[in-house]
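Notes follow once the structure below has been shown.
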Number of protein chains: 2
Amino acid sequence: MQDHVHIQCSDCPIRHRAVCARCETDELSQLEQIKYYRSFQAGQTVIWSGDRMEFVGSVVTGIATLTQTMEDGRRQMVGLLLPSDFVGRPGRATAAFDVTATTDLVMCCFRKKPFEDLMATTPHIAQRLLEMTLDELDAAREWMLLLGRKTAREKIASLISIIARREASLQPRQPKGMLTVDLPLTREEMADYLGLTLETVSRQISALKKDGVISLEGNRHVSIPSIDRLLEEAGDDSDGGMLV
Amino acid sequence: MQDHVHIQCSDCPIRHRAVCARCETDELSQLEQIKYYRSFQAGQTVIWSGDRMEFVGSVVTGIATLTQTMEDGRRQMVGLLLPSDFVGRPGRATAAFDVTATTDLVMCCFRKKPFEDLMATTPHIAQRLLEMTLDELDAAREWMLLLGRKTAREKIASLISIIARREASLQPRQPKGMLTVDLPLTREEMADYLGLTLETVSRQISALKKDGVISLEGNRHVSIPSIDRLLEEAGDDSDGGMLV
DNA sequence: CGCGGGATTGACATAATTCAAAGACCGTGG
DNA sequence: CCACGGTCTTTGAATTATGTCAATCCCGCG
């Protein structure tokens, strides 16, 4: 569970996208000294809402989710964390949301106090964190439009295009043939993302398949014959995607 | 429309809550030099989504909203801006959302470029902005739970308690008798906040009134006999409010 | 006094949920 | 290798919350 492998920051796959993206080599070596890796198995909880948060960190590989749960069990995902995304809030003692590994997960962690100290003296870290937080806020606001106003079909189409976009931005490999994506979430997790039930998710995926908007191989692997068609179904403004 | 009144920062009502909260007197005087006030009438648009954003700034008095609109006219509010809230995103050229004054509004503005330059040399501003952005992100995530999983009745109860909480935090006056709040939004604006139609908003407000959870004087003024009862109706965890 | 923009209320339509059953997929162990 | 069990997924039928369309009401204001 607790790996002690130590990758050089310079070799890190998220070096140029994470909180450390803007750091100079000397700043990086300071981070290097306080970092440690942790691995989590798929399904494992990283932090429980309300727990004391002893570390912050970045997702290196794998996928994690941020969720909120009501007393009666209704759940809403409020964050989908891909490699390079930051977990935790400097200056806050306890976690506000549950963080769960949905795939096997490796995180690059910093104990909170040393990280905060370093942040105070290293503007490049704070700058990057501000930038990332503003991006997340924008994403949250798009997500709010989805939750508040889109139909179930539009929600599904939106989710697939969001995943396609994020996948494309992570691997600089330009898709040669038809665009394909792997859904990193179960139907239930998609439902929690979209504010739907898992049955509705399943029905709408079937409907999109029947209408030729997507095709499936297995439950997770999606092919997209026309990204424009998909974006249209998502109800986004024509160029909202920026994909391609 | 374009006021040229110039308030001293030291006399500013939002001095200790806005982006400038952490500034020392010398930093404040630098801000003082580049700031200017602008007034907007109720209903007026401050910025259109997609427009070039030539300024950033803080709400001084009044209320503004951030909204997103789909091609077919569906609208979702994604931000409710009260005094001290920040508008605009340093480092971004065009606005991502519509900003509208819902009451008469006074903003303390900074042209974007000078503000960004100042931010680069004044960590106190960037620090405070990060803190505010993280708070907004948390609020957005609570809002996502509301949009995705709460019933219409819970949404209304949540909105009223959110407004009560924010009003309470703005005026340090502890409420002596029964808690009362003024809804700063029309039924339609509430609907856009909550992802509902205005008819459903109206019906649920009537229902809460009939059940004694709230009482109304006029359309805007709400009295809350029991804040605990209201929070219960909102579906929030018992102590979610922190009010009182 | 009457106008007009909100707001309320009613009747009906419908998208999404709920409850239930059956099917597919995947790893495990015989 | 195949059978088994469990989990995830699909599909169906009935229910319900919310949306839609439309009429009326209310209240502040010229």
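Read-outs: derived from the displayed coordinates by stated rules, not from any lab. Treat the numbers as computed from the prediction; the structure is a model and nothing was measured. Note that we place each Cβ from the backbone using ideal geometry, even for glycine, and neighbour counts take in every protein chain shown.
Using a Förster distance of 41 angstrom, determine the FRET efficiency expected from the C-beta separation of B:Glu217 and B:Asp26, and round it to 0.05.
Details: r = 48 Å, r/R0 = 1.18.
Between B:Glu217 and B:Asp26 the formula returns 0.25.
Return the Rg/Rh value of chain B, two decimal places, where both radii are evaluated on C-alpha atoms and Rh is the Kirkwood radius. Here Rg/Rh amounts to 0.98.
In order along segment B:81-97, the Karplus-derived 3J(HN,Hα) couplings, from 6.51 cos²θ - 1.76 cosθ + 1.60 at θ = phi - 60°, round to 9, 9, x, 5, 6, 9, 10, x, 10, x, x, 10, 7, 10, 6, 9, 9 Hz, and Gly and Pro are given as x.
Return P(r) of segment A:9-143 (all Cα-Cα pairs; 10 Å bins starting at 0; whole %; ordered from short to long distances). In whole percents, the pair-distance histogram is 12, 44, 35, 8, 1. Taking only the C-alpha atoms of segment A:99-244, the Rg (one decimal) and the largest Cα-Cα distance, Dmax (whole number), read 17.7, 56 Å. Positive contributions from Lys and Arg (+1) and negative ones from Asp and Glu (-1), summed over other residues with Cβ under 10 Å from the Cβ of A:Ala157, come out at 0. Relative to the dominant Cα principal axis of chain A, helix A:112-121 is inclined by about 80°.
Rounded to the nearest 10 degrees, the inclination of helix B:198-210 to the longest alpha-carbon principal axis of chain B is 60 degrees.
Highest average first, the peptides A:25-36, A:106-117, A:136-147 ordered by how many other beta carbon atoms sit within 10 Å of their residues are A:136-147, A:106-117, A:25-36. Close amide-amide hydrogen proximity is noted between B:Gly195 and B:Met77, each under 5 Å apart and 5 or more residues distant or on a separate chain (H modeled in the peptide plane; Pro and chain starts excluded). The spread of Cα positions in segment A:165-231, taken along each principal axis and listed from longest to shortest, comes to 34, 25, 22 Å.
All other residues whose Cβ lies under 11 angstrom from that of A:Leu28 are scored, Lys and Arg at +1 and Asp and Glu at -1, for a net of -1. Charge dipole (Cα centre; +1 on Lys/Arg Cβ, -1 on Asp/Glu Cβ; no other charges) of segment A:1-138 amounts to roughly 180 debye. Computed from the C-beta positions of A:Thr197 and A:Glu71, the FRET efficiency with R₀ = 22 Å rounds to 0.70.
Only lysine pairs 8 or more places apart or on separate chains count here, and in chain A those with Cα atoms under 26 Å apart total 8. The Cα-based radius of gyration of the protein assembly as shown, divided by its Kirkwood radius, gives an Rg/Rh of 0.96. Counting only alpha carbon atoms, the long axis of helix A:123-149 and the longest principal axis of chain A meet at about 20°.
Within segment B:197-211, whose backbone N sits under 17 Å from a point 7 Å along Cα→Cβ of B:Asp228? Taking a point 7 Å out along Cα→Cβ of B:Asp228, no residue of segment B:197-211 has its backbone N under 17 Å.
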